[in-house]
Amino acid sequence: MKQFRYFLKFSFKGTNYHGWQMQNNSISVQELINEGLSRILREKINVCGAGRTDTGVHAREFFAHFDTSNTFSVVDRKNLVFRLNKYYPDDIAIEDLIPVKPTAHARFDAISRTYKYFITRKKDPFGKEFLFFLFGDIDINLMNDGAKLLFDYSDFTSFSKADTQVKTNNCKIMSAEWTEENDIMVFTIKADRFLRNMVRAIVGTLLDIGRKKISVEDFNKIIKSKNRSAAGYSVPGHGLFLYNIDYPENIFLNLY
């Protein structure tokens, strides 16, 4: 039976989930996506996501691909998006269903991914699920000086969880910058790929620079050491968002 491949574009609030990837004893976003698609399409569907997110981490934009024996017109796709949004809880929102080439891959075809980490300098009872509250003096200029060093390196073992079973710890950092507006600080980082826990560990270590617990030169030595225990702590997952994923245009089928 002929199979057709689609990208599902959606967003989710990670508060109630143990990350994206399927877990034996915990609920994951992938589990719910599989369940909804399988029930509505009346066939077994297993989606492959653009990457894995940790417990509590959110995604403003996420993609997953899946194969199905169904083929959908434009109207069919809009109808499926509507039905899926009715099926899923309020913390998962389906945006689009996009036809792609049979070899297109949500994870391996991604050109870049952009993450943002949000910190509030003022306690906010309405933002506690999305903002990391940080008290005390902090120097954002020093943190940006440290962030610039990330462009000089490709091996980020110092910011990766151990035993992740990846072939390489090399990543190409395309941008990394702190900005601040009113009481909100945002760290934005873009790369071709990320290691497990990488963004949260980088943020935690840069915050040590901002608090003047370590120097920018210390940060340089930490990267060179390729030793996770030399780096700072991992900030909580609830302040982290996967914000954007870029793909080459030629994997999408022009069937609109």
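What follows draws every value from the coordinates through simple rules; no lab data is involved. In this text the structure is predicted, and so the values were computed from the model without any measurement. All Cβ positions, glycine included, derive from the backbone under ideal geometry; neighbour counts span all protein chains shown.
Local charge sum around Y153 (other residues, Cβ-Cβ under 13 Å, Lys/Arg +1, Asp/Glu -1)? Local charge sum for Y153: +3.
For segment 112-243, the mean projected area of the C-alpha convex hull, equal to one quarter of the hull surface, is 7.6 nm².
Taking amide H atoms as placed 1.01 Å from N in the peptide plane, the amide H of S112 lies under 5 Å from those of D246, each 5 or more residues away in sequence or on another chain. Distance between the 7 Å Cα→Cβ label points at S225 and V166: 2.0 nm. Normalising the average separation of contacting C-alpha pairs (under 8 angstrom, six or more residues apart) by the number of residues puts the relative contact order of segment 151-250 at 31 percent. Remark: segment 112-243 carries a charge dipole of roughly 500 debye about the Cα centre, counting +1 on each Lys and Arg Cβ and -1 on each Asp and Glu Cβ.
Using the Cβ-Cβ distance between N25 and E129 with R0 set to 25 Å, the FRET efficiency from 1/(1 + (r/R0)^6) comes to roughly 0.60. Put in line by how crowded their Cβ is, counting other Cβ atoms within 10 Å and starting with the fewest, L97, L41 read L41, L97. The relative contact order of the chain, computed from alpha carbon pairs under 8 Å that lie at least 6 residues apart in sequence, is 24 percent. Whole-Hz Karplus values for segment 51-68 come out as x, 10, 10, 6, 3, x, 7, 9, 9, 6, 8, 9, 10, 9, 10, 8, 10, 8 Hz, taken residue by residue from phi with 6.51 cos²θ - 1.76 cosθ + 1.60 and θ = phi - 60°; glycine and proline positions read x. Counting only DSSP H runs of at least 4 residues, each contributing -39500 (n - 2.57), and dividing by the residue count of the chain, the helix-based mean residue ellipticity at 222 nm comes to -7000 deg cm²/dmol. Amide H to amide H, with H built 1.01 Å from N, Q23 comes under 5 Å of S28, counting only residues 5 or more places away or on other chains. Seen against the Cα atoms of the chain and their longest principal axis, helix 29-41 is set at about 10 degrees. May I ask for the longest run of the chain untouched by GluC sites (Glu not before Pro) that are loop-located per DSSP and have at most 16 neighbouring C-beta atoms (other than their own) within 10 Å? Value returned for the longest uninterrupted segment is 130-256. Near the amide H of L253, within less than 5 Å, lie the amide hydrogens of V100, K101, all on another chain or at least 5 residues away, with H placed in the peptide plane. The distance from the alpha carbon centre of segment 115-147 to that of segment 72-100 is 34 Å, rounded to a whole number. Karplus-derived 3J(HN,Hα) values for segment 223-238, using 6.51 cos²θ - 1.76 cosθ + 1.60 with θ = phi - 60°, are 4, 5, 5, 6, 9, 4, 5, 7, 7, x, 6, 8, 5, x, x, 5 Hz; glycine and proline are entered as x. The distance linking segment 1-26 with segment 164-230 is 27 Å (Cα centroid to Cα centroid, whole angstrom).
Over all other residues within a Cβ to Cβ distance under 12 Å of K78, the charged ones net out to -1, with Lys and Arg as +1 and Asp and Glu as -1.
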